[in-house]
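One structure below.
What follows is calculated from the coordinates using simple rules that are stated; it is not laboratory data. These numbers were taken from a predicted model, which means no experiment stands behind them. Reconstructed Cβ throughout: ideal geometry from the backbone, glycine too, with neighbour counts over all protein chains shown.
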């Protein structure tokens with residue numbers, strides 16, 4: 001999976017706002033804000049990565065357990081899927 005073309009991040013006060021570069025995927029006027037760990041995952045998803053890749057990287061970078069990384073990543077990915085920000089190819 002990876003970030004779909006047409007999306008970008010802008011840093012605002014140590015948080016990151018997802019920007020729609022095209023109107024193709026904009027479903028409503030929701031503002032999507034992600035934190036530092038979300039930004040870390042976003043950067044990994046600029047290239048193709050599996051969920052397992054993300055879990056391993058999050059565990060290593062933030063020194064969290066596998067289970068905690070799995071739970072956090074599943075929540076993060078569900079938000080990205082809801083807004084069609086990631087693609088599976």
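Distance between the C-alpha centres of the range 24-80 and the range 6-20: 14 Å, rounded to the whole angstrom. In the chain, helical runs assigned H by DSSP with n ≥ 4 each contribute -39500 (n - 2.57); averaged across all residues and rounded to the nearest 500, the mean residue ellipticity at 222 nm is -13500 deg cm²/dmol. Scoring 2-15, 45-58 by mean Cβ neighbours within 10 Å over their residues and listing the highest first yields 45-58, 2-15. Seen from a random direction on average, the alpha-carbon convex hull of the chain projects onto 5.6 square nanometres.
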